[in-house]
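Colleague: For reference, the structure I am asking about is given below.
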Amino acid sequence: MNRRDFLKSALALAALAPVTRIVAGEPSSGGKSPKDQTEKVTRRRYKNTSLTLPLLGFGMMRLPRLNPEKNEIDESVAQKMVDRAMEAGINYFDTAYPYHGGLSETFVGKALKKYPRSSYFLATKMWPHLLKTEADIDRMFQHQLRKLQTNYIDFYLLHALDKRLWPKAKALKVYEYLQKQKKAGKIRYLGFSFHDEPEVLAEIVRERPWDFAQIQLNYVDWELYRSREQYEILTKAGIPVVVMEPLRGGMLTTLTPRCLEIFKKANPNASVASWAFRYVGSLPNVLVILSGMTLPEHLEDNIKTFTGFQPLSNAERETIAQAVKAYHNTGAVACTNCKYCMPCPAGVNIPRIFGLYNSYKSSGNYWRGFNRIYAEFDPDMMASACVNCGACVKKCPQHINIPEELKKIHAEYEARTKKTACLRRGKAECPA
């Protein structure tokens with residue numbers, strides 16, 4: 001897609017009749033002065049109801065950790081971030097059964113216990129991948145209520161639906177069970193998160209009524225991941241959109257030197273992340289944008305972006321279009337570091353390899369961005385250890401052909417290693 005088409009498609013969808021509306025004011029806990037109200041993040045109204053939600057939601061998938069290689073949450077830092085979020089009016093907290101190896105829901109329950117239950121919104125998910133029988137459905141749901149220390153969930157989702165898991169969910173009658181919980185008052189709004197092609201999304205929307213849906217959407221995936229088509233399907237169906245991966249797993253905060261130059265030239269005072277958030281928030285049917293904030297600095301920058309939120313101007317859309325064009329020339333892998341592919345049966349450290357490779361592709365520095373660290377990997381963790389079993393491909397929300405990408409990465413590593421060895425031996429002719 002060229003830059004003109006990119007701009008036309010974005011502007012056309014922004015003109016669709018909005019399902020959500022920007023509103024000013026306090027979270028449902030209320031009781032503040034007009035001055036305090038202006039210091040809260042912007043909120044949007046759910047359809048034509050009195051319910052308002054913060055445009056920025058706190059994603060609890062990438063909380064600060066005690067050890068980057070383990071799931072244990074640094075609860076002291078994370079609690080302070082939750083408190084700061086509540087203070088700023090960010091009272092939508094999105095977690096899921098498998099996040100942080102099952103620890104995320106437990107932390108969220110503890111962190112929010114000090115607040116009145118009516119002052120915040122809980123969103124969590126049931127992953128059909130983990131279900132084997134209908135009995136597992138109730139077992140998981142009741143376990144989630146206990147971990148979250150609540151007797152109801154505000155926004156409940158069927159997790160990571162695709163062409164494989166949607167038929168399984170129907171066979172187990174997961175939707176029917178959740179509808180019963182909704183009628184019993186244990187679920188307020190029922191939706192789903194989605195990772196597949198628009199054709200599958202249209203089928204899911206057509207077959208069941210939904211209160212909301214969560215999709216991956218950002219300015220790179222607008223066309224690459226067919227997010228535009230997904231957004232349009234949901235908007236036409238009158239289903240509000242919750243956005244995940246607005247920064248593509250953090251990738252859109254680094255990009256390439258050329259992309260960063262484009263953004264900084266357009267607005268030296270704006271963070272690179274703010275461009276991505278404002279792109280998504282400019283779409284009228286976006287109800288909540290989730291951000292997996294790992295550091296307090298991330299939270300503060302996001303509060304700045306979402307307080308008195310400003311949609312993009314036409315000139316700013318042009319800036320993003322230029323950055324997208326520059327980004328598409330990097331050759332990076334479309335990995336968001338969700339780690340759903342792990343553990344690898346062969347022991348390959350897939351997310352780490354992709355992260356290093358993408359760092360190299362973004363920076364252009366092979367030796368520091370990739371080789372220096374990758375060369376010290378245990379051979380069993382290297383890309384060459386892949387046995388092409390395909391287990392990772394089935395679990396990848398981005399539908400990446402992981403074995404092929406690993407093969408490509410290791411081939412480049414071996415080629416460069418051979419060339420370097422040849423040059424060190426002083427040979428006149430070495431591989432290109």
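Colleague: Considering every residue within region 170-180, establish whether at least one is touching a residue at least 24 places away in the same chain (Cβ under 8 Å), at positive phi and outside any helix (DSSP H, G or I).
Modeller: yes
Colleague: Right, something else. Out of 142, 79, report the one residue that is polar (S, T, N, Q), assigned by TED's automatic domain parsing to the domain that holds residue 58 and within 22 Å of residue 295 (Cα to Cα).
Modeller: When all the criteria are applied, what remains is 79.
Colleague: Which one of these does residue 238 not meet: (1) closer than 26 Å to residue 52 by Cβ; (2) free of Cβ contacts under 8 Å to residues at least 24 places away in the same chain?
Modeller: Of everything listed in (1) closer than 26 Å to residue 52 by Cβ; (2) free of Cβ contacts under 8 Å to residues at least 24 places away in the same chain, residue 238 misses just condition (2).
Colleague: Another one. Among (1) touching a Lys or Arg at 6+ places or on another chain (Cβ under 9 Å); (2) assigned to a helix (DSSP H, G or I); (3) crowded, with 16+ Cβ neighbours inside 10 Å, where does residue 158 come up short?
Modeller: The single condition residue 158 does not satisfy is (2).
Colleague: Among the listed residues 371, 285, 358, 314, identify the single one that is touching a residue at least 24 places away in the same chain (Cβ under 8 Å) and in contact with a Cys (Cβ under 9 Å, 6 or more places away or on another chain).
Modeller: Every option except 358 fails the conditions.
Colleague: Let me spell it out: the conditions are (1) in contact with a helix residue (DSSP H, G or I) (Cβ under 6 Å, 6 or more places away or on another chain); (2) over 18 Å from residue 243 (Cα atoms), and residue 372 meets all of them except one. Which number is the exception?
Modeller: Residue 372 satisfies all of (1) in contact with a helix residue (DSSP H, G or I) (Cβ under 6 Å, 6 or more places away or on another chain); (2) over 18 Å from residue 243 (Cα atoms) except (1).
Colleague: I'm trying to understand the selection: among the residues of region 219-245, which are surrounded by fewer than 20 Cβ atoms within 10 Å (Cβ to Cβ) and within 16 Å of residue 399 (Cα to Cα)?
Modeller: Scanning region 219-245 gives 223, 224, 226.
Colleague: Can you tell which of 194, 155, 212 is within 24 Å of residue 341 (Cβ to Cβ) and of a type in the set (Phe, Trp, Tyr)?
Modeller: Matching residue, one of 194, 155, 212: 194.
Colleague: Now for a separate question. Looking at (1) crowded, with 19+ Cβ neighbours inside 10 Å; (2) at pLDDT 95 or above; (3) of a type in the set (D, E, K, R), which one does residue 196 not meet, given that it meets all the others?
Modeller: (2)
Colleague: Take the conditions crowded, with 16+ Cβ neighbours inside 10 Å and part of a helix (DSSP H, G or I) and apply them to residue 400. Does it pass?
Modeller: Here the answer is no, as residue 400 does not meet what is asked.
Colleague: Just for region 178-188: of the residues that are of a type outside the set (A, V, I, L, M, F, W, C) and surrounded by 15 or more Cβ atoms within 10 Å (Cβ to Cβ), which one is nearest to the chain's Cα centre (by Cα)?
Modeller: For region 178-188, the residue satisfying everything is 188.
Colleague: Has region 81-94 got at least one residue that is in a loop (DSSP other than H, G, I, E, B) and free of Cβ contacts under 8 Å to residues at least 60 places away in the same chain?
Modeller: No, because not a single residue in region 81-94 is in a loop (DSSP other than H, G, I, E, B) and free of Cβ contacts under 8 Å to residues at least 60 places away in the same chain.
Colleague: Pairs needed: first member in region 409-422, farther than 16 Å from residue 361 by Cα; second member anywhere, crowded, with 16+ Cβ neighbours inside 10 Å and modelled with pLDDT of 85 or more; C-beta distance under 9 Å; at least 6 residues apart or different chains.
Modeller: Here the result reads 414/384, each pair linking region 409-422 to a residue that is crowded, with 16+ Cβ neighbours inside 10 Å and modelled with pLDDT of 85 or more.
Colleague: Continuing with the same structure: Give 240, 246 a once-over and let me know the one that is farther than 22 Å from residue 300 by Cβ and modelled with pLDDT of 95 or more.
Modeller: 240
Colleague: If you take the residues in region 109-139 that are in a helix (DSSP H, G or I) and closer than 18 Å to residue 191 by Cβ, which one is modelled with the lowest pLDDT?
Modeller: Selected residue: 129.
Colleague: Just to check your reading of the model, which residue among 355, 292, 331 is of a type in the set (Gly, Ala, Ser) and modelled with pLDDT of 95 or more?
Modeller: Every option except 292 fails the conditions.
The values are calculated or read from the model by the stated rules, or taken from the named source; none is laboratory data. Remember, it's a predicted structure, so these values are computed and weren't measured experimentally. Because the Cβ atoms are built from the backbone with ideal geometry, glycine has one as well, and the counts that use them run over all protein chains shown.
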